[in-house]
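**Student:** One structure, as structure tokens, below. Some questions next.
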């Protein structure tokens, strides 16, 4: 039971990466490679603040703010300097590799003995977990999962409310049809910068949460996060189908949890860890290709 609970918790923590990729890629059509660097940046900044004795909530928000700055820099490289989206993200990620190492001071820092956001959430929700009938060995992990569920629900709600406002609608319109947004007098460059700031703040939040959950931070922990985010977004879209904004946000989180469950099941079945990245790429490919076959199949049958 504890393995299943921890898989759900970790999948939800990485779900914030998926939400960030959803904002940048789905809403703004911006393939943002900054994800790898901002994930680590959020973890590094939160860890440094936690070790310095800062409150866990403030430390986590500090990691989010650092990610927002990184996303804004990527947006400015693209919008103000005219650099291509992929190259903008690559430049920022390369720069962040050095910045993360300098800020952290070394390649790996443990958080043993340091109060974290999960410790606080576990203390608050542990009585509820026990009241729901969880065994003593599982109650702590169930409380952590409950804390993560609350954070994920809050993030989805805030994103849904924001992107339904006038500013949020203008940002979505600018991502879908930039020419129309410019015709309406909107500065698409500023909208892109703001969108990437939101996306990378979510990614950095994920890094801060993952670091606190696993109890350490490593400067290499962000490698492959953009692939994870893409996989979760496409898998979530395959799960829920064509839906509106709220359903798409929930589906993205569901895709992250489902993907984590698939990875855990594959490892439990004997998959060698060296093949994990290959498996990730295969899942992304399947999530991309499968819906096309599912759409074509009924059409071909109707033609017959």
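Each reported figure results from applying straightforward, stated rules to the coordinates on display, with no laboratory input. A quick note: this is a predicted structure, and the numbers were derived from the prediction, not measured. We place every Cβ from the backbone using ideal geometry, glycine too, and count neighbours over all the protein chains shown.
**Student:** Among 111, 158, which comes first, then next, by fewest other beta-carbon atoms within 10 Å?
**Tutor:** Numbers: 111 18, 158 10.
In increasing order of surrounding Cβ atoms, one gets 158, 111.
**Student:** Here's another thing I want to ask about it. Would you kindly calculate the mean projected area, averaged across all directions, of the convex hull enclosing the Cα atoms of the chain, in square nanometres?
**Tutor:** Numbers: hull surface 74.6 nm².
If you wrap the Cα atoms of the chain in a convex hull and average its projections, you get 18.7 nm².
**Student:** Also: What is the Cα radius of gyration of the range 99-246 over 2.2 N^0.38 Å, N being its residue count?
**Tutor:** On the way: Rg = 19.5 Å, N = 148, 2.2 N^0.38 = 14.7 Å.
Normalised by 2.2 N^0.38 Å, the Cα Rg of the range 99-246 equals 1.32.
**Student:** Here is a further query. By counting other Cβ atoms within 10 Å of each Cβ, how are 1, 171 ranked from fewest to most? Walk me through the intermediate numbers first.
**Tutor:** Numbers: 1 11, 171 25.
By the 10 Å Cβ count, ascending: 1, 171.
**Student:** Going 7 Å from the Cα of residue 216 in the Cα-to-Cβ direction, what parts of the range 104-124 have a backbone nitrogen less than 14 Å from that spot?
**Tutor:** Residues 106-113 qualify, since their backbone N sits under 14 Å from the label point.
**Student:** Set the Förster distance to 30 Å, then compute FRET efficiency between residue 84 and residue 278 from the Cβ-Cβ distance, nearest 0.05.
**Tutor:** On the way: r = 28 Å, r/R0 = 0.94.
Once the sixth-power term is evaluated, E becomes 0.60.
**Student:** Measuring from label point to label point, each 7 Å out along Cα→Cβ, what is the residue 55 to residue 158 span in nm?
**Tutor:** Taking the simple label geometry, residue 55 and residue 158 are separated by 1.5 nm.
**Student:** So if each residue of separation counts as 0.36 nm, and I subtract the Cα-Cα distance between residue 286 and residue 4, what length gain in nm does that give?
**Tutor:** Numbers: separation 282, 0.36 × 282 = 101.52 nm, distance 2.41 nm.
Value of the extension gain: 99.1 nm.
**Student:** Taking other Cβ within 10 Å of each residue's Cβ, how do 268, 172 sort, fewest first?
**Tutor:** Working: 268 10, 172 20.
Listing 268, 172 from fewest to most nearby Cβ atoms yields 268, 172.
**Student:** Helix-only mean residue ellipticity at 222 nm, the chain, DSSP H runs n ≥ 4 weighted -39,500 (n - 2.57), per residue, nearest 500. What is it?
**Tutor:** Details: 12 runs with 236 residues, N = 304.
Helix contribution divided over all residues of the chain: -26500 deg cm²/dmol.
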